[in-house]
Amino acid sequence: MSTPVYNRVALIGLGLIASSMFWAMKRGGLAGEVTGFAKSEASRETARRIGLCDRVCDSAAEAVADADLVVLCVPVGAMGAVAKEIAPHLKAGATVTDVGSVKRDVIEAVGPHLPDGVHFVPAHPLAGTEHSGPESGFAELFDNRWCLLVPVEGSDPEAVAQLRALWEGMGANVDEMDADHHDLVLAVTSHTPHLIAYTMVGVADDLRRVTDSEVIKYSAAGFRDFTRIAASDPTMWRDVFLTNKDATLEILGRFTEELFALQRAIRTGDGEHLHQYFTRTREIRRGIIEAGQDTAAPNFGREAPKA
Ligand code: NAP
């Protein structure tokens, strides 16, 4: 077995991301001992039952005691309170990181609580599914996905390098990015698309006359894929929009302008505009496949549903 990157890792929050990290760390022999804590007794019990973490603790303070790396895997809106709670129990020289989908807000919420001598290296793995909870994780989640490290001013380069080694060991490609840029990029690639999916599914649900049967029965790939995204965890996504407000509103503004332009092209019969637009978007899909971030197989490589 390879030498662990960290002797002791504490996972605070035991949902999709934390559980995937645990299985990926085990797969790669990246951590000596992994402790874990989740808010509810039910999640802690589930974790114990499925062997998620070497030791599941009954408090966050107990989980982080003596940990070399503490990973905050809770919804973005809970990060500040958790940081405050664990701060007095952190070991000198430990690194605190997080996996939150928004970075500026998390840095402002967590940073002030951390004592001197504790390194803070925020991060965000660009990998997920619509499932949540301790049983949803799997070791391969981060394979060939990006993990963005967002060092803060004064982040210790050695602490950054060690965290990079952990993420690479878990299969991810690692890049570094500034927090504001991160939040804008993610507003385009993830946050706004989720909002659009929530809206589309909400609109379909409003059309009561078809919802009862036809929308579900005849759901073709487009709508079905929206429903998959719109099934994502409500708490996590509420927090994302509340904490990445400016960037999301900026992108939504642009989206609305483009939507109006397309609406106008449809009304005026401007086929040229529509064709050019769809040709450009098709190129973007090709780019994503060439970058190895999705499969070119029809229907995202899914098997046809059984009749
Ligand atoms: P999840 O499956 O819903 O799990 C969240 C976990 O946090 C649960 O174990 C929950 O405990 C725990 N928790 C909530 N508040 C807490 C608190 N105050 N103290 C301790 N534990 C608390 O969520 P997830 O999908 O893993 O997301 C975790 C983080 O990763 C979020 O910040 C999210 O933005 C980020 N992220 C998510 C994805 C994705 O696609 N899902 C991708 C990248 C990054 P209980 O189970 O007891 O309620």
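The values are calculated or read from the model by the stated rules, or taken from the named source; none is laboratory data. Keep in mind it's a predicted model, so treat the numbers as computed, not measured. So basically every Cβ, Gly included, is an ideal-geometry build from the backbone, and we count neighbours across all protein chains shown. All accessible areas refer to the heavy atoms of the entire protein, side chains included, with ligands and DNA or RNA removed. Shrake-Rupley method; radii C 1.70, N 1.55, O 1.52, S 1.80 Å.
With all protein chains in place and a 1.4 Å probe, the accessible surface of the chain carries 56 percent carbon and sulfur. Taking a Cβ cut-off of under 11 Å around R8, the surrounding Lys, Arg, Asp and Glu residues balance to a net charge of -2, with basic ones at +1 and acidic ones at -1.
Would you please classify the overall shape of the range 237-292 from the alpha carbon gyration tensor, given that a ≥ b ≥ c denote the square roots of the eigenvalues, rounded means a/c under 1.5, and beyond that prolate means a/b larger than b/c while oblate covers the rest? Oblate, since a/c reaches 1.5 and b/c is not below a/b.
For the chain, report the accessible area per residue in Å² (1.4 Å probe, heavy atoms, rounded to an integer).
Numbers: 16180 Å² over 307 residues.
In whole numbers, the chain has 53 Å² accessible per residue.
Within the shell of other residues whose beta carbon sits under 13 angstrom from the beta carbon of K39, the net charge comes to -3, with Lys and Arg scored +1 and Asp and Glu -1. Would you mind classifying the range 207-279 by shape? Square roots of the alpha carbon gyration tensor eigenvalues, ordered a ≥ b ≥ c; an a/c under 1.5 is rounded, otherwise it is prolate if a/b is larger than b/c and oblate if not. Since a/c reaches 1.5 but b/c is at least a/b, the shape of the range 207-279 is classed as oblate. Shown for the chain: lysine pairs separated by 8 or more places, or found on different chains, whose C-alpha atoms are under 21 Å apart, numbering 4. Each part gets one Cα centre, and for the range 48-110 versus the range 117-157 those centres are 13 Å apart.
Computed over neighbours whose Cβ is under 14 Å from that of T243, the net charge equals -3, Lys and Arg +1, Asp and Glu -1. For the range 257-272, the Karplus equation 6.51 cos²θ - 1.76 cosθ + 1.60, evaluated at θ = phi - 60°, returns couplings of 4, 5, 4, 5, 5, 5, 4, 5, 4, 5, 4, 8, x, 7, x, 4 Hz by residue, with Gly and Pro reported as x.
Near the amide H of T95, within less than 5 Å, lie the amide hydrogens of L69, V70, H119, all on another chain or at least 5 residues away, with H placed in the peptide plane.
Given the peptides 121-130, 151-160, 86-95, arrange them by the average over their residues of other C-beta atoms within 10 Å, most packed first. Let's see the in-between values first.
Values: 121-130: 20.5, 151-160: 13.9, 86-95: 17.8.
Sorting 121-130, 151-160, 86-95 by mean packing, highest first, produces 121-130, 86-95, 151-160.
Ligands, DNA and RNA aside, F300 has an accessible area near 100 Å² when probed at 1.4 Å.
Of all DSSP-defined beta bridges confined to the chain, some 10% are antiparallel rather than parallel.
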